[in-house]
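What follows is a set of notes on a single structure, which appears directly below.
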Amino acid sequence: MAYSKDYRQLILSKLEEGYSIRQLAEEYQISTNTIQRWKTFPERKRRQFTPTKIDDDLLRAYVDAYPDDYQHERARCFNCTQRAIGIALKRIGITQKKSLTHPKVDDEKRFIFFEKLAQFKLDDKPIIYLDESGFKSHENRPYGYSDRGEKCFGQYNWQLKNQTNAIGAIYNNQLFAVGLYERSVNSDVFHSWVEQLLLPSLPKDSVIIMDNATFHKRKDTTELIESANHTILWLPPYSPDLNPIEQMWAWVKQKRKEWRLDCVDTLFFYFLWLCGNL
């Protein structure tokens with residue numbers, strides 16, 4: 001049984017007043033050994049922890065070799081606690097992040113892409129990224145709150161198929177030429193978007209970067225772009241991580257949740273206004 005500090009002080013004060021250990025043990029129903037220990041050590045002894053010294057260079061090398069290890073795996077390797085690993089990682093400036101790549105990624109093709117992109121940047125060409133993204137008609141709220149031990153119920157129709165598809169482009173981290181379509185994006189929709197929204201908004205001699213979707217490569221669409229003196233740079237296969245518009249779409253969807261907007265048209269009106277593109 002653990003006794004409070006005040007209780008121990010009471011017993012010790014009684015000892016100073018002349019009470020014997022046996023008398024106090026009988027009166028307060030405490031063992032004589034406990035009272036003797038309190039008398040010998042008036043202050044509770046604190047358990048001493050000797051922190052494990054984690055070598056920063058060794059930890060950094062370990063993270064480089066196994067970047068997706070869990071903290072408990074690193075702690076086991078360094079014979080310390082997960083908290084100690086977390087503190088050490090923060091000390092050496094390593095943060096949690098992860099970017100997944102497809103197992104079919106071709107490193108050689110990615111290298112060639114980077115070389116071409118670097119040359120276009122040296123030539124001071126405007127770099128344009130484009131892509132599509134889907135927005136459900138209604139955002140569901142995946143979490144809720146309730147009393148401990150009670151479920152929190154909500155409603156959501158998983159069979160609802162309504163979705164608005166957005167096509168857009170970014171230049172200097174600014175979203176522009178956004179087209180919203182209440183149907184699937186195919187080669188006709190994409191061609192119409194390029195002709196009516198993208199080309200009129202492009203800076204001169206732009207480099208347009210997009211993925212290898214089949215409807216992106218329709219012959220008359222690529223010819224339309226090139227006839228306007230723009231260049232197409234295809235992303236390497238399975239490399240969406242090289243298209244920064246993916247983060248832009250994620251930001252738009254985050255704002256949708258913050259603003260609690262179901263209407264996709266209203267969402268983009270406010271978002272483009274926020275970015276100064278209206």
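When the dipole is taken about the Cα centre of the chain, and only Lys, Arg (+1) and Asp, Glu (-1) are charged at their Cβ, what size is it in debye, to the nearest 20?
Around 1600 debye, computed over the chain.
Nearest 5 percent is fine: what portion of the DSSP beta bridges confined to the chain is antiparallel?
About 70 percent, rounded to the nearest 5.
Set the Förster distance to 51 Å, then compute FRET efficiency between Trp273 and Gln9 from the Cβ-Cβ distance, nearest 0.05. Show your work: numbers first, answer last.
On the way: r = 67 Å, r/R0 = 1.32.
According to the calculation, E is roughly 0.15.
Using θ = phi - 60° and the Karplus relation 6.51 cos²θ - 1.76 cosθ + 1.60, list the HN-Hα couplings for the range 178-185 in order, rounded to whole Hz, with x at every Gly or Pro.
With coefficients 6.51, -1.76 and 1.60, one gets 7, x, 10, 9, 8, 8, 5, 7 Hz.
Count the net charge of all other residues whose Cβ sits under 13 Å from the Cβ of Lys125, scoring Lys and Arg as +1 and Asp and Glu as -1.
Details: positive: Lys116, Lys121, Lys204; negative: Asp123, Asp124, Asp205.
With Lys, Arg at +1 and Asp, Glu at -1, the neighbours total 0.
Net charge near Asn79: determine it from the other residues with C-beta under 13 Å of the C-beta of Asn79, scoring Lys and Arg +1 and Asp and Glu -1.
Result for the neighbourhood of Asn79: +1.
Among rounded, prolate and oblate, which fits the range 74-184 when a ≥ b ≥ c are the square roots of the eigenvalues of its C-alpha gyration tensor, a/c under 1.5 means rounded, and a/b larger than b/c means prolate?
Verdict is oblate for the range 74-184.
Given only helices, namely DSSP H runs of n ≥ 4 each adding -39500 (n - 2.57), what is the per-residue ellipticity at 222 nm of the chain, to the nearest 500 deg cm²/dmol?
On the way: 11 runs with 115 residues, N = 278.
-12500 deg cm²/dmol, from helical runs alone.
Report which label in (i) 66, 27, 16; (ii) 45, 21, 15; (iii) 30, 24, 19 holds the value of semi-axes √(5λ) of the Cα gyration tensor in Å derived from the coordinates of this structure.
It is the one labelled (i).
Every number in this text was worked out from the coordinates using simple rules, so none of it is lab data. Note that the structure is a prediction, hence the values are computed from the model and not measured. Cβ sites come from the backbone with ideal geometry, for glycine too, and all protein chains shown count toward neighbours.
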